[in-house]
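J.: One structure, pasted below without further comment.
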Amino acid sequence: MTNLKSNSQTGTHFSATYLGRLDDLKQYTFATDDGALSIEGKIFLNPILDLTGAEISINRLGANDSMPFYHKHKDNEEVYIFIGGRGEIQIDGEIIEVSEGTVVRIAPDAVRSWRNCSDQPLFYIVVQVPANQYQGDTISDGILVDGEVKW
Ligand code: ZN
């Protein structure tokens, strides 16, 4: 596995990393400490970027592969953003077709699993945030800063 810290850059108010090309996500494997769970092609950004309000994973699921388990969450809702490939996601037994451009929000208590239904990799991003915590609307937290943009 690539040493992501060596691919990372930090400043006073930012952290950045280079994960490689999407198809190279297969080099990453998420595994639980007890070894009970191992998922190839999954990388969590929280430990790399020191996120403070969310967990985000970038994912590549191989051709015709599927998640071998159902899961749900205690407090967090998830948003699945599909950015390539074709597959299906099931939520409480309801199946939705997904492909590049599909975005699915799932409430914490919903039981979910998903699969790749194609001969090409399925690429997706999962954003996990505490449910019912967001306040405001789309841009109410943004503050315009005076001055011309220079590069
Ligand atoms: Zn989850």
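J.: Considering only protein heavy atoms, with the full assembly of protein chains and a 1.4 angstrom probe, order PHE82, PHE44 by accessible area, largest first.
T.: PHE44, PHE82
J.: Based on the Cβ-Cβ distance from GLU97 to SER66, what FRET efficiency comes out when R0 is 22 Å, to the nearest 0.05?
T.: 0.95
J.: Let me check something: with ligands and nucleic acids excluded, how do ARG21, ARG115 order by accessible area (1.4 Å probe), largest to smallest?
T.: The ranking, largest first, comes out as ARG21, ARG115.
J.: Let me ask something additional. Can you give me the accessible area per residue for the chain, using a 1.4 Å probe, in Å²?
T.: With the other protein chains kept in place, the chain gives 68 Å² per residue.
J.: How long is the gain from ALA54 to SER38 if the chain were fully straight, where each residue apart is worth 0.36 nm and the alpha carbon distance is subtracted?
T.: 3.6 nm
J.: At q = 0.09, 0.14, 0.15, 0.17 Å⁻¹, what log₁₀ I(q)/I(0) does a Debye calculation on the Cα points of the chain give, no solvent, two decimals?
T.: -0.34, -0.81, -0.91, -1.13
J.: Using bins 5 angstrom wide from zero, how does P(r) for region 64-119 break down, in % of all Cα pairs?
T.: 5, 20, 29, 28, 14, 4, 1
J.: With a 1.4 Å probe and every protein chain kept in, tell me what percent of the accessible surface of the chain is carbon plus sulfur.
T.: In the chain, the share of accessible area belonging to carbon and sulfur is 50 percent.
J.: With every protein chain left in place and a probe of 1.4 Å, what is the accessible surface of LYS26, to the nearest 10 Å²?
T.: 100
J.: Can you work out the Karplus-derived ³J(HN,Hα) for every residue in region 6-16? Use 6.51 cos²θ - 1.76 cosθ + 1.60 with θ = phi - 60°, whole Hz, and x for glycine or proline.
T.: 6, 8, 9, 9, 10, x, 4, 10, 7, 9, 9
The values are calculated or read from the model by the stated rules, or taken from the named source; none is laboratory data. Every value quoted in this text rests on a predicted model; they were computed, and no experiment measured them. Methodologically, a virtual Cβ is constructed for each residue, glycine included, from the backbone with ideal geometry; neighbour enumeration extends over all protein chains shown. With ligands, DNA and RNA removed, areas are computed over all heavy atoms of the protein, side chains included. Shrake-Rupley method; radii C 1.70, N 1.55, O 1.52, S 1.80 Å.
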